[in-house]
Amino acid sequence: MPGGIAGRKRSVEIYVGRWPIFLSRRRLPEIEISMGVTREQLISLLESEVEMLGYELADLELNLGHGHGTVRLFIDSPAGITLEDCERVSHQVEGLLDVEDPIPGDYNLEVSSPGADRKLVKPEHFDRFAGSMIKARLRRLVDGRRRVRGQLLGREGNRIAVRGDDLTISVDLDDVETARLVPDWNEFLRAGTA
């Protein structure tokens with residue numbers, strides 16, 4: 001049907017591990033849009049909506065391809081995230097995206113918890129997880145390294161300090177390409193058997 005809305009597909013899939021635990025497949029009107037939406041524009045659109053539901057939008061990944069893509073939201077709360085939390089956020093965000101219509105073509109909307117090996121994206125994440133083990137990839141060499149692994153000592157302004165086995169490195173947040181928590185799986189196993 002030219003210019004109209006093609007059939008809509010919805011599906012829910014549950015995954016184990018690092019993969020999303022809720023998935024919604026949407027088909028939007030097939031119209032040509034010359035400019036795509038950016039990750040920052042989507043964060044701006046969705047963050048307050050997610051916060052109104054009582055969750056933090058911890059991260060957003062956007063991968064839009066030729067007429068089909070993925071919008072992946074990572075939500076968090078002090079009480080942790082359940083499947084019901086992901087469903088609640090998915091339904092709310094899905095409605096907002098239907099109204100605002102920022103994404104051309106087909107896309108999958110995925111909502112998940114950040115996981116035990118979560119990315120540290122916002123400056124506040126580096127405050128919250130001070131004392132935790134992290135691994136980071138840097139945009140440039142710092143003290144002869146592009147990869148850092150060690151204990152996150154904390155953040156001061158726009159700099160973080162990480163203590164590795166052999167030295168402590170201070171890095172500007174702008175120089176951090178990616179940073180993730182390094183979970184202590186033995187601790188998770190002990191907590192699960194207690």
Scope segment 144-176; condition in contact (Cβ under 8 Å) with a residue 24 or more places away in the chain and either under 19 Å from GLY115 (Cβ atoms) or aliphatic (A, V, I, L, M) (or both); matching residues: ARG149, LEU152, ILE160, VAL162, LEU167, ILE169, VAL171, LEU173, VAL176
Count of residues meeting criterion [open to solvent by 70 Å² or more (accessible area, probe 1.4 Å) and either assigned to a helix (DSSP H, G or I) or closer than 18 Å to GLN151 by Cβ (or both)] in segment 171-193: 10
Count - residues of segment 25-60 that are exposed (fewer than 15 other Cβ atoms within 10 Å of the Cβ) and modelled with pLDDT under 85: 7
Positions within segment 61-79 being of a type in the set (Gly, Ala, Ser) and open to solvent by 30 Å² or more (accessible area, probe 1.4 Å), in sequence order: GLY65, GLY67, ALA79
Residue match in segment 45-62 (condition: assigned to a strand (DSSP E or B) and among the β-branched types (Val, Ile, Thr)): no
Residue in segment 121-131 that is part of a loop (DSSP other than H, G, I, E, B) and among the small types (Gly, Ala, Ser) present: yes
Of the criteria (1) among the hydrophobic types (A, V, I, L, M, F, W, C); (2) open to solvent by 20 Å² or more (accessible area, probe 1.4 Å); (3) modelled with pLDDT under 95, which one LEU97 fails: (2)
Only listed residue being crowded, with 16+ Cβ neighbours inside 10 Å, closer than 21 Å to ALA58 by Cβ and touching a residue at least 24 places away in the same chain (Cβ under 8 Å), chosen from ALA136, ALA116: ALA136
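The values are calculated or read from the model by the stated rules, or taken from the named source; none is laboratory data. Bear in mind the structure is a predicted one, so any value in this text is a computation, not a measurement. A quick note on method: Cβ atoms are made from the backbone with ideal geometry, for glycine too, and the neighbour counts reach across all protein chains shown. Only protein heavy atoms, including side chains, enter the accessible area calculation; ligands, DNA and RNA are left aside. Shrake-Rupley method; radii C 1.70, N 1.55, O 1.52, S 1.80 Å.
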